[in-house]
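The values are calculated or read from the model by the stated rules, or taken from the named source; none is laboratory data. Since the model is a prediction, treat every value here as computed from it, not as a measurement. Cβ coordinates were reconstructed from backbone atoms using ideal geometry, including for glycine residues, and neighbour counts include every protein chain displayed.
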Amino acid sequence: MSGCELANGFHELGDSIEQRRRFEANCRDRQVKGLSVMMPDERLLAGLAEGLPDCSGVALAWTAY
């Protein structure tokens, strides 16, 4: 079987506590590597805490040359 993946699907993380943990882990990793540290998106975390219905997404980009 052969083919070409055009877009990958994913399920959105809706847990504000887990998302904050991931943001903080990313910041620690970036700091250790000497990269700029980005602050967690507090508006996103607040929205997740309010409740995000189950949702998913897919993205497809195409460029013609």
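On the basis of being surrounded by 11 or more Cβ atoms within 10 Å (Cβ to Cβ) and either of a type in the set (Gly, Ala, Ser) or under 30 Å from Glu5 (Cβ atoms) (or both), does Gln19 make the cut? In short, yes.
Of all residues in region 2-35, those being of a type in the set (Gly, Ala, Ser), farther than 30 Å from Trp62 by Cα and either in contact with a Lys or Arg (Cβ under 9 Å, 6 or more places away or on another chain) or assigned to a loop (DSSP other than H, G, I, E, B) (or both) number 1. Residues of region 36-45 that are assigned to a helix (DSSP H, G or I) and touching a residue at least 12 places away in the same chain (Cβ under 8 Å): Leu44, Leu45. Within region 1-24, residues that are of a type in the set (S, T, N, Q) and at pLDDT 85 or above have Cβ atoms under 9 Å from residues that are assigned to a loop (DSSP other than H, G, I, E, B) and surrounded by 10 or more Cβ atoms within 10 Å (Cβ to Cβ) in these pairs: Ser16/Leu52; Gln19/Leu13; Gln19/Pro40; Gln19/Asp41, counting only partners at least 6 apart in sequence or on another chain. How many residues does region 35-65 hold that are surrounded by 10 or more Cβ atoms within 10 Å (Cβ to Cβ), touching a strand residue (DSSP E or B) at 6+ places or on another chain (Cβ under 9 Å) and either at pLDDT 90 or above or closer than 10 Å to Gly14 by Cα (or both)? Counting residues in region 35-65 that are surrounded by 10 or more Cβ atoms within 10 Å (Cβ to Cβ), touching a strand residue (DSSP E or B) at 6+ places or on another chain (Cβ under 9 Å) and either at pLDDT 90 or above or closer than 10 Å to Gly14 by Cα (or both) gives 0.
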